[in-house]
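Rule-based calculations on the coordinates, nothing more; no lab input. From a predicted model like this one, the values you see are computed outputs, not experimental measurements. Backbone-built Cβ (ideal geometry, glycine too); neighbour counts: all protein chains shown.
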Amino acid sequence: MTDIIRAQVVRSSQRQFSCKLATGEIIDATAKGNQLKGDSIVVGDKVEVSIMDGSKDYQIDKVCERESEIFRVSVREQKKKVTAANCNLLVVLSSVSKPAFKQGIVDRFLVRACQWGIRPIVVFNKCDQLEDLDLEFESKRLEPLGVESFEISALEANDYRPRILKNGWDELQVVLKGRTAIFLGQSGVGKSRTISALSGGTVDLRIHEVGKVGKGSHTTTWSELIELPLFDLIDSPGIRSFSLEDINPDDLLALFPDLEEVATRCKFNDCQHEENSKGCAFHNNDWDEFTKRRIFSRLRSFSRIVEEVSQTPVWSKKL
Ligand SMILES: Nc1nc2c(ncn2[C@@H]2O[C@H](COP(=O)(O)OP(=O)(O)O)[C@@H](O)[C@H]2O)c(=O)[nH]1
Ligand SMILES: [Mg+2]
Ligand SMILES: [Zn+2]
């Protein structure tokens, strides 16, 4: 009999899995043939490993139940494709200067958070360069969704004091502590810089940049779980794309719970809830100016995504 050893998958590439033991030691393990199909073992998975009889090699015996999954739905196969497991915080990073802040992009990532059932937070970075963005509004529009937001400058990290929001660098660290987090955001918003500052200089993500070897079409990618002093970072190239083309337009309203609540009161059967449709629930209401601005900004994001996902014929949807 061999002992059962608990571990967590910190890196996977095809058949090889690196797993971290409770002692902190990283070992290589192979999976049994029937576990290699599809995505039955992914980064973040908690597993049980054992040493194979008469050898020094580890094998993965069991994958424990997942707390959460990061996935896309393959339209062709109507099947979930999981890329990471057990993430419990989705950090949506945006820049308030360059690249310009876009509500639509934040709302896209919130759709994923909702779909994956993972708590999202929004971090406004580059606040040292804040000029004409109405940050107070951008933060308040997220409150009814239960999404907390933070005002930081990764460049000035510990020295920057928030001027508009109540949450800054210190509060962000409190929320991250002990979590398994993923950072999402457009290129250039400061993800690498922020993570590096949060790691107290222990990780240089330019080296990781991230999970890539080689150039162009020969680039191989993998997913990784990187242990930082404050939190664990899941890094997965596949997650970064913000295309939502794998989401069925009919399922989208449920991923905008604030709009769904209004839409259920709309008396039209096939209403597109466009900005000027008279009689639609979005126009028959006594909302204050703030609520109007908030709801319609969300409705614009929603409409844009509906339009986008409706344009892709099912047969041509990518996996
Ligand atoms: N002014 C300012 N520049 C920043 C800040 N954070 C990152 N940058 C700069 O923005 C650029 C992109 O940052 P990077 O971390 O590579 O973004 P990533 O693509 O999201 O990983 C770099 O030149 C950073 O130095 C910030 O808080 N303030
Ligand atoms: Mg980067
Ligand atoms: Zn309507």
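Summary table
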read-out: Computed over the stretch 249-312, Kirkwood Rh from alpha-carbon pairs, angstrom; value: 12.1 Å
read-out: Gained length - Asn284 relative to Arg300, 0.36 nm times residue gap less alpha-carbon distance; value: 4.0 nm
read-out: Equivalent ellipsoid dimensions for the chain as semi-axes, Å, which come from the Cα gyration tensor, largest first; value: 38, 26, 17
read-out: Sites Cys266 and Glu245 - FRET efficiency at Förster radius 35 Å, r taken between beta-carbons, to 0.05; value: 0.85
read-out: Dipole of the stretch 249-312, positive end: most advanced residue of Ser310, Leu252, His283 [Cβ charges, Cα centre]; value: His283
read-out: The stretch 4-27 versus the stretch 83-128: alpha-carbon centroid distance in Å; value: 28 Å
read-out: Cα-centred dipole magnitude for the stretch 249-312, charges only on beta-carbon of K, R (+1) and D, E (-1), debye, nearest 20; value: 220 debye
read-out: J(HN,Hα) series, the stretch 157-162, from Karplus relation 6.51 cos²θ - 1.76 cosθ + 1.60, nearest Hz, glycine and proline x; value: 5, 5, 8, 8, 10, x
read-out: Charge-dipole axis of the stretch 79-213 as Lys and Arg at +1 and Asp and Glu at -1 on Cβ define it, positive-most pick from Leu110, Leu145, Ser196; value: Leu110
read-out: Neighbour-count order for Cys280, Cys266, Cys87, Cys64, fewest beta carbons within 10 angstrom listed first; value: Cys64, Cys266, Cys280, Cys87
read-out: For the stretch 84-239, alpha-carbon Rg over 2.2 N^0.38 Å; value: 1.01
read-out: DSSP bridge orientation in the chain - percent antiparallel, rounded to nearest 5; value: 65 percent
read-out: Given charges at beta-carbon only (K, R positive; D, E negative), |dipole| of the chain in Debye; value: 700 debye
read-out: Percentage relative contact order, the stretch 249-312, counting C-alpha pairs under 8 Å, at least six apart; value: 35 percent
read-out: Ranking of Trp116, Trp169 by count of other Cβ atoms within 10 Å, fewest first; value: Trp116, Trp169
read-out: Three-way shape call for the stretch 5-63 based on the alpha-carbon gyration tensor, with the a/c threshold at 1.5; value: oblate
read-out: Most mobile listed residue (Val73, Val91, Val122) in the chain, GNM with C-alpha springs under 10 Å; value: Val73
read-out: Estimated FRET transfer efficiency when R0 is 41 angstrom, pair Ser187-Ser55 (beta carbons, to 0.05); value: 0.40
read-out: Point-charge dipole on Cβ atoms (K/R +1, D/E -1) for the stretch 84-239, about Cα centre, debye to 20; value: 400 debye
